[in-house]
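Report on the structure given below.
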Amino acid sequence: MKISFSNLKEIKKTDILLFPLFKENNDYQALPSEVAEAIEGLLKKGLFDAELKKTFPLTVTGKPYPLILLTGLGEKEKLNNERLREAGGSAGAYCRERALKSITLEPSNIGDSEGQITPFFEGMLLSSYSFSVYKSEKKTYRPQFTLRGIKGRTKKSIEETAKLIESVFLSRDLINTPSNDLTPEKLAKKALRLGSKKTKVKVLDRAAIAREGMDALLAVSKGSKNPPKLIILQYRGGNTGPVVLIGKSITFDSGGISIKPSSGMEKMKYDMAGGAAVLGCIKAAEALDLPIHLIAILPAAENMPGGSATRPGDIVSTISGKTIEVINTDAEGRLTLADAIDYAKRFDPEYIIDIATLTGACSVALGNEAAAAMSNSEELMKKAVHASEKTGEKLWPMPLYEEYREYLKSDVADIRNTGTDRSGSLVTAAYFLKEFVQEIPWLHIDIASVAWTDRDRPYIPKGASGFGVRLLIALLREIYNL
Ligand code: BES
Ligand code: MN
Ligand code: ZN
């Protein structure tokens, strides 16, 4: 990501100048007087009302910028981080849709302090993303940004934001990649690329997974020609924790023998969004040099039907020896996560955080506006909700009442992988995981509702959202007071 800092007067040539402004009381000093007058005229005549998320292009001649984009910030009193992100997002989207390559921001109305400019910039970056790897005419859109009048601490915060968003983009790229190009093996290769002095990456193949006794993970992968991989990353930036992050990494979820309806099945390439978020988080932790110890576990598999696939009614066991009756092969995520949770225990984690596109019921409950959070620790839940309020990645707590245990009772094994019917399936899925976690402070984030968007959102273009990368980093900051 190319970011530079400059004075407006020094700017040589730029495709567009972004000028965010409120409904009233704006500061135009940074602009040439004739431009300022023109803008004031527009506002006075009501041709542009500076409503949040609205933009208005203005052509100018004889300036190093042929275009000024008036970017609405709405009412000054209502301004907050999320609104700033949305405003930045609308400007970023305008530039992306027109493939404008060099973008300059004049932030005099936002204010140039760290807290004010960073969220606007974040929204602008997040919405500048595009995925065109598979278009014959490859036009990867990665604009250059210039910011005016940014100093000291703010500069640092802008640079950190850019690093964070790069990690969100890694996550989005992985999720958007179709399953024929992102098998468990290829996902492992992508993870290996994150290896460095501080980040060690290890990949277990099918034989090693079998030696570990991860029968549940194997069971999910059995119908596929693409073998499973257990991907483990260890980032050592400090001696805390460790926190173990587990990301659901089903590279394609057909449902297996309990096959899904074909309509919309193509989207099940995003069933590894949890794993992608975790990889993004490790990349960001390293880029931001966080002084903490993280372990990431991605149990990667493809869930396919086939002659050797797991059948409904089969019983599988996990590392801990607990047996699971597979009622529905489409409830595969929790099988892989159960084994990953058991595997995590050898690291003696301070916290286990899993993030997963686990249930369709998640969007039934919350639409596409929020992820669901479930935890066995009130303290951790509080921190997670606080982190979510900071990043704008909405998280809604759901209960894990003891009573849900009944729903998962099996006549023949220790537990079954689904409830008796669809009722409560968002929470019973989490309860299933809790049975494996036991006493370790744990947080489960179901992102099935938010990992993908079918329409452009204020700062998330259609497709993979990259939900979770910023949230996990904010949560780690919350936990360790960083
Ligand atoms: N990957 C799906 C959940 C999902 C659905 C994610 C839609 C994103 C969008 C998961 O593996 C699944 O199939 N869950 C089942 C569980 C059921 C069989 C108990 C579901 O939610 O339908
Ligand atoms: Mn499934
Ligand atoms: Zn799934």
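Throughout, read-outs are computed from the coordinates displayed, never taken from laboratory work. Remember, predicted model here, so these are calculated numbers, not experimental data. Here the Cβ positions follow ideal geometry from the backbone for every residue, glycine too, while neighbour counts run over all protein chains shown.
For the peptides 219-226, 48-55, the ranking by mean Cβ contacts within 10 Å, running from highest to lowest, is 219-226, 48-55. Computed from point charges on the beta carbon alone (+1 for Lys and Arg, -1 for Asp and Glu), the dipole magnitude for the chain about its Cα centre is near 1800 Debye.
On a full-extension model of 0.36 nm per residue, what is the gain between E350 and K198, subtracting their alpha-carbon distance, rounded to one decimal in nm?
Numbers: separation 152, 0.36 × 152 = 54.72 nm, distance 1.98 nm.
Result for the pair: 52.7 nm of gain on full extension.
Which lysines, if any, have their Cα less than 21 Å from the Cα of K23, not counting same-chain residues under 8 positions apart? Result set, ordered by chain and number: K44, K45, K53, K54, K76, K78.
Quick check on the chain: helices-only [θ] at 222 nm, where DSSP H runs of length 4 and up contribute -39,500 (n - 2.57) each and the sum goes over total residues. Nearest 500, please. Spell out each step's value before the answer.
Working: 13 runs with 161 residues, N = 482.
Value at 222 nm, helices only, nearest 500: -10500 deg cm²/dmol.
Applying both filters, DSSP loop and at most 12 other Cβ atoms within 10 Å, to the trypsin sites (Lys or Arg not before Pro) of the range 276-358 eliminates every site. Seen against the Cα atoms of the chain and their longest principal axis, helix 425-437 is set at about 70 degrees. Cross-link partners of K409 among lysines, defined as those whose alpha carbon lies under 22 angstrom from its own and excluding same-chain residues fewer than eight positions apart: K322, K434. The spread of Cα positions in the range 2-149, taken along each principal axis and listed from longest to shortest, comes to 47, 35, 29 Å. One Cα centroid belongs to the range 194-267, the other to the range 428-468; the line between them spans 16 Å. The alpha-carbon of K225 sits under 15 angstrom from the alpha-carbons of these aspartates and glutamates, leaving out residues fewer than 8 places away in its chain: D181, E185, D205, D253, E302. Length gained on full extension, K409 to I259, computed as 0.36 nm times the residue gap minus the Cα-Cα distance: 51.7 nm.
As an exercise, identify the GluC sites (Glu not before Pro) in the range 109-190 lying in DSSP coil whose Cβ has no more than 12 other Cβ atoms within 10 Å. Write down the numbers at each step before the final one.
Numbers: sites: E114, E122, E137, E159, E160, E166, E185; in loops: E137.
Within the range 109-190, the qualifying GluC sites (Glu not before Pro) (loop, at most 12 other Cβ atoms within 10 Å) are E137.
Below 8 Å, C-alpha to C-alpha, sequence gap of six or more: please give me the relative contact order for the chain in percent. Averaging sequence separation for qualifying contacts and normalising by length gives 15 percent for the chain. The long axis of helix 114-126 is offset from the longest Cα principal axis of the chain by roughly 70 degrees.
Report, in listed order, any pair from K135/K198; K101/K390; K229/K283; K155/K382; K135/K222; K2/K382 with a Cα-Cα distance greater than 25 Å.
On the way: K135/K198 36 Å; K101/K390 30 Å; K229/K283 20 Å; K155/K382 31 Å; K135/K222 33 Å; K2/K382 36 Å.
Among K135/K198; K101/K390; K229/K283; K155/K382; K135/K222; K2/K382, the Cα-Cα distance tops 25 Å for K135/K198; K101/K390; K155/K382; K135/K222; K2/K382.
Note: relative contact order over the range 288-442, using C-alpha pairs below 8 Å and six or more positions apart, is 28 percent.
Which percent, to the nearest 5, of DSSP beta bridges fully inside the chain are antiparallel? Can you show the working numbers first?
Values: 29 of 69 bridges.
Just about 40 percent of them are antiparallel.
Note on the range 48-126 and the range 341-366: Cα centroid distance 37 Å, given to the nearest whole angstrom.
Between S33 and K12, the contour length at 0.36 nm per residue exceeds the Cα-Cα span by 5.7 nm.
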